[in-house]
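A quick write-up on the structure given underneath.
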Amino acid sequence: MQKLIGIALAVIGAVAVSGIALNRGEPINALWILAAAVCLYTIGYRFYAAWITARVLSTDTTRATPAERLDNGRDFVPTPRWVVFGHHFAAIAGPGPLIGPTLAAQFGYLPGTLWILTGSVLGGCVQDMVILFLSTRRNGRSLGQMARDELGPLGGFAAQFGTLAIMIILIAVLGLVVVNAMKHSPWASATVFATIPIAMLVGFYMRGIRPGRVLEGSAIGIALLLLAVVGGGWIDHHPVLRTWFDHDGPALAWFVMGYGFVAAILPVWMLLAPRDYLSTFLKLGTVVLLAIAIVVMQPELKMPALTRFIDGTGPIFSGKLFPFVFITIACGAISGFHSLIASGTTPKLIRTEADVRLVGYGSMMLESFVAIMAMIAATLLDPGVYFAINSSLAALGGSPDAAVATLTSWGFPVTIGQMQALANEVGEATLFARTGGAPSLAVGMASIFSSVFGARLLAIWYHFAIMFEAVFILTTLDAGTRVGRFMVQDALGQLWEPFGRTSWYPSVILASALVVTGWGYFLYVGVIDPYGGINILWPLFGIANQMLAGIALAIATAIFLKTGRARYCWVTGFPLAWLAVVTTTAAWQKLFSLDPKIGFLAGAADLAEKLAAGALAMDRAAVAGKLMINLRIDAALTAFFLLVLWVVILDMLRIGWRAYRSEPLTAATEAPYQRTQYAGVANA
Amino acid sequence: MRDRQLMRVIYLALAGSGARIRDIFTGASGLSAYEQYLAHLHAHHPAAQPLSREEFFRSEQTARWDGVRRCC
């Protein structure tokens, strides 16, 4: 019976995928994509993941997990499988899978969709599950510790330093997305600002008024957030109040930096923890609501399967389909960041090794599904509208008039009137050049929601979507700055001991300031960049994230090679090889491409030349110096990421070679076998 | 009409997995942490005096945030 279901799924999946691939020239329904996704995930989960756990990992249900052996009721707690699933999913899912697919839709719906599906089933889900399993077998050790134990001090250092660098870039790019969504939008700004006192109110409620009552506090918070969305609309219509919330990019960037700094030094209960509760509930609620709305609405995709921009001339970001679609969509297909979660808290909750497949592979499937929905939300817009929202004006000729002319000449017709009508409907002054992905996703989500739950409320739904993304992003920004602060304090503590004390205020302030300066710099330059900044920062983030995934997969492959599972090493070795090819090609092009739109160094040289020749407009000439320095720093970072990736891969190959030659290796670090005491589990 | 049937199917699917959904929400938010702690203390250290809900929540909230807990 199970086999019959499997075969039926395979057939439906194959029909859906070929339906997507072959249906050229006419619009296709989003349901095909959803069907293909669900079938592929199910096949991947039932067959591939089951095969990996049984044959490659050899999960053993009689073996006691660290949660059972080290149970202390706090961090090591044997937890029911669906509860661990929820915990893990909430931790791995952030704004990444929403933004990446939105940007990658410039190539058409097909490349991104195929990469999200295959990348997750064969790469991302496998990485998350394998790292979760390996960490569970090692008492919940972190990725950095595993790198040191299994590869050596060099690999360990690379993993740790890479983590800090990726954190800085991630926060900068997410900050830029929020700033671009709030720029000159009193409604969006007022709503996003309101989330801060609301989170603090919930914090005080859960701390002082009704301690520990998370559900009550969160319910009040969510109600207030919805009120803030409506209230923002009222402020937007008020002639005086609206000017208080109407700010340009640099002002908002300074605000975000100040906010990040304060959030990193305040006690967690005041801002971080309550915001996290709110964002978790919003996240789960909105994901479910969006899935239902897409199934009910059954929208047709208006974006072609492939656009002309696969040749690398895209207005949203430059670069050819290969390798840049694989860099742009990191989260949702394969995300190295997840390996930090899969090797941190989650393995300490796993009750039995049988749950590793659901928690590791299953959570990533759901995240990938979120990415698919983001892709649908981007591609159901009129392509002309989609490009007008997501491209900077500089990339389309300099003004809205030039932009619609350029887009229409490219075969994506759009008019000023159409854009203005849409902007009026969603309650914004303009939708031209709202780069970063958030506004376009919000328009897509708003049109899905409003067609299902009430067409008159487009403006409310739009600002709900903006608020939803901002809450996500600010949560990552808070938490990331804080983690960065701990890392810097740890490093400084090795220079002078008092700096290592996590609650010594001079050290707290210094370390927080260092971290905020790090990402604040990239954020600020992104804001003043006339091309929008996203086109530079997002690929850098993608490269960093894939580098981290490469490190995680290299650790897993090294462990397979060391423990006599060399014939299965392709399970992680194949995605690793693919990532190495993709990341190296992308990094190489970002460094050495002669096209100033792609290569960082060529871009800097081009700016210098134009500046010297006086060929730049006044406003661009004013910032050209800063942009040039920034492009060179970006180039140095890219080179560093590339170096780290290859150091780790070569370290892994060295271990493989020694294992092949039967030379002595560092001892296995797996915790010794102990039989589980759970009745029934061992026989299950 | 078709939409109404679809809604019904979705409703039944959600209702059928109610316990599962509750578990997912619980895990995502850490709602049942205190109950788990009490159960653990009861099972392993029956003589110990448990923390109150307030005390537990305070110590737990600080401990929850000392590492990478949120992703991209």
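The values are calculated or read from the model by the stated rules, or taken from the named source; none is laboratory data. Values in this document were obtained by computation on a predicted structure and should not be read as measured data. Neighbour counts are summed over all protein chains in view; Cβ atoms, including those assigned to glycine, are modelled from backbone coordinates with ideal geometry.
I'd like to check something: does the stretch A:488-511 contain any residue that is among the polar types (S, T, N, Q), touching a Ser or Thr at 6+ places or on another chain (Cβ under 7 Å) and over 21 Å from residue A:330 (Cα atoms)?
Yes.
Going through the stretch A:62-85 one residue at a time, which ones are among the aliphatic types (A, V, I, L, M) and more than 7 Å from chain B (Cβ to nearest Cβ)?
Start the filter on the stretch A:62-85 by keeping residues that are among the aliphatic types (A, V, I, L, M), which leaves A:64, A:67, A:70, A:77, A:83-84.
Listed by number, the residues that qualify are A:64, A:67, A:70.
Here are the criteria: (1) without any contact (Cβ under 8 Å) to a residue 60 or more places away in the chain; (2) within 16 Å of residue A:155 (Cβ to Cβ). Tell me which single one residue A:548 does not satisfy.
For residue A:548, the exception is condition (1).
Assess whether residue A:172 counts as being within 14 Å of another protein chain (Cβ to nearest Cβ) and modelled with pLDDT of 95 or more.
yes
For the stretch A:90-128, how many residues are more than 8 Å from chain B (Cβ to nearest Cβ) and not in a helix (DSSP H, G or I)?
Adding up the residues that qualify gives 1.
From the set of residues in the stretch B:47-70 that are modelled with pLDDT of 70 or more, facing another protein chain (nearest Cβ under 7 Å) and surrounded by fewer than 19 Cβ atoms within 10 Å (Cβ to Cβ), which is farthest from residue A:67 (Cα to Cα)?
B:54
Which residue pairs have Cβ atoms closer than 7 Å, lie 6 or more positions apart in sequence or on different chains, and pair a first residue in the stretch A:639-656 that is buried (at least 22 other Cβ atoms within 10 Å of the Cβ) with a second residue that is of a type in the set (Ser, Thr, Tyr)?
A:645/A:583; A:652/A:557
Condition check ((1) in a helix (DSSP H, G or I); (2) of a type in the set (A, V, I, L, M); (3) closer than 26 Å to residue A:178 by Cα) across all residues:
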{"position": "A:535", "(1), (2), (3)": "yes, no, yes"}
{"position": "A:542", "(1), (2), (3)": "yes, no, yes"}
{"position": "A:558", "(1), (2), (3)": "yes, yes, no"}
{"position": "A:594", "(1), (2), (3)": "no, yes, no"}
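In this structure, does residue A:148 turn out to be in a helix (DSSP H, G or I), of a type in the set (Lys, Arg) and at pLDDT below 95?
When the stated conditions are applied, residue A:148 passes them.
Quickly run through the stretch A:517-568 and pick out the residues that are of a type in the set (Ser, Thr, Tyr), touching a helix residue (DSSP H, G or I) at 6+ places or on another chain (Cβ under 6 Å) and closer than 29 Å to residue A:56 by Cα.
Selection gives A:557, A:568.
Among A:245, A:157, which is surrounded by 18 or more Cβ atoms within 10 Å (Cβ to Cβ) and not polar (S, T, N, Q)?
That would be A:245, the only listed residue that is surrounded by 18 or more Cβ atoms within 10 Å (Cβ to Cβ) and not polar (S, T, N, Q).
Determine if the stretch A:291-305 includes at least one residue that is farther than 30 Å from residue B:7 by Cβ, in contact (Cβ under 8 Å) with a residue 12 or more places away in the chain and more than 14 Å from chain B (Cβ to nearest Cβ).
Yes, because at least one residue in the stretch A:291-305 is farther than 30 Å from residue B:7 by Cβ, in contact (Cβ under 8 Å) with a residue 12 or more places away in the chain and more than 14 Å from chain B (Cβ to nearest Cβ).
Any residue at all in the stretch A:78-85 that's among the aromatic types (Phe, Trp, Tyr), surrounded by fewer than 24 Cβ atoms within 10 Å (Cβ to Cβ) and outside any helix (DSSP H, G or I)? Explain how you work it out, then say what you get.
The initial filter retains those residues of the stretch A:78-85 that are among the aromatic types (Phe, Trp, Tyr), namely A:82, A:85.
Subsequent filtering for residues that are surrounded by fewer than 24 Cβ atoms within 10 Å (Cβ to Cβ) retains A:82.
Retained after the next criterion (residues that are outside any helix (DSSP H, G or I)): none.
No, there is no match, as no residue in the stretch A:78-85 is among the aromatic types (Phe, Trp, Tyr), surrounded by fewer than 24 Cβ atoms within 10 Å (Cβ to Cβ) and outside any helix (DSSP H, G or I).
Across the stretch B:1-46, which residue is farthest from the other protein chains (Cβ to nearest Cβ) among those that are modelled with pLDDT under 75 and outside any helix (DSSP H, G or I)?
Going through the qualifying residues, I end up with B:1.
Output the helices (runs of 4 or more DSSP H) that fall wholly within the stretch A:156-256 and possess 2 or more residues being more than 27 Å from the chain's Cα centre (by Cα) and under 28 Å from residue B:54 (Cβ atoms), or say none.
It comes to A:186-204, A:214-237.
Quick check: is even one residue across the stretch A:271-290 of a type outside the set (S, T, N, Q), more than 22 Å from residue A:86 (Cβ to Cβ), over 23 Å from the mean Cα position of the chain (by Cα) and within 14 Å of chain B (Cβ to nearest Cβ)?
Looking through the stretch A:271-290, none of the residues is of a type outside the set (S, T, N, Q), more than 22 Å from residue A:86 (Cβ to Cβ), over 23 Å from the mean Cα position of the chain (by Cα) and within 14 Å of chain B (Cβ to nearest Cβ).
Each row is one residue, and each column tells you yes or no for (1) of a type outside the set (A, V, I, L, M, F, W, C); (2) assigned to a helix (DSSP H, G or I); (3) in contact with a helix residue (DSSP H, G or I) (Cβ under 8 Å, 6 or more places away or on another chain).
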{"site": "A:31", "(1), (2), (3)": "no, yes, yes"}
{"site": "A:53", "(1), (2), (3)": "yes, yes, yes"}
{"site": "A:76", "(1), (2), (3)": "no, no, yes"}
{"site": "A:88", "(1), (2), (3)": "yes, yes, yes"}
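Under 8 Å between Cβ atoms, which residue pairs at least 6 apart in sequence (or on different chains) link something in the stretch A:506-532 that is farther than 14 Å from residue A:260 by Cβ with a partner that is basic (Lys, Arg) and outside any helix (DSSP H, G or I)?
Close Cβ pairs (under 8 Å, with a partner that is basic (Lys, Arg) and outside any helix (DSSP H, G or I)) amount to A:507/A:501.
Determine whether residue A:579 is of a type outside the set (D, E, K, R), modelled with pLDDT under 95, under 21 Å from the mean Cα position of the chain (by Cα) and closer than 18 Å to residue A:650 by Cα.
No.
Which of the residues belonging to the stretch A:407-448 are of a type outside the set (Val, Ile, Thr) and without any contact (Cβ under 8 Å) to a residue 24 or more places away in the chain? Step through it out loud before you land on a result.
Looking only at the stretch A:407-448, we keep the residues that are of a type outside the set (Val, Ile, Thr), and these are A:407, A:409-413, A:417-425, A:427-429, A:431-434, A:436-442, A:444-447.
Once the filter is applied, which keeps residues that are of a type outside the set (Val, Ile, Thr) and without any contact (Cβ under 8 Å) to a residue 24 or more places away in the chain, the stretch A:407-448 yields A:407, A:409, A:417, A:420, A:421, A:423, A:424, A:446.
So, residue A:131, is that one of a type in the set (Val, Ile, Thr), at the interface with chain B (Cβ under 9 Å from one of its Cβ atoms), crowded, with 24+ Cβ neighbours inside 10 Å and touching a helix residue (DSSP H, G or I) at 6+ places or on another chain (Cβ under 8 Å) or not?
No, not satisfied.
At least 1 residues that are within 14 Å of chain B (Cβ to nearest Cβ) in each: list the helices (runs of 4 or more DSSP H) lying fully within the stretch A:398-507 that qualify.
The qualifying helices (runs of 4 or more DSSP H) are A:438-453, A:458-495.
State yes or no: is residue A:603 touching a Lys or Arg at 6+ places or on another chain (Cβ under 8 Å), buried (at least 17 other Cβ atoms within 10 Å of the Cβ) and among the small types (Gly, Ala, Ser)? It would help to see each step written out before you state the result.
On the way: touching a Lys or Arg at 6+ places or on another chain (Cβ under 8 Å): yes; buried (at least 17 other Cβ atoms within 10 Å of the Cβ): yes; among the small types (Gly, Ala, Ser): yes.
For residue A:603, the condition - touching a Lys or Arg at 6+ places or on another chain (Cβ under 8 Å), buried (at least 17 other Cβ atoms within 10 Å of the Cβ) and among the small types (Gly, Ala, Ser) - is met.
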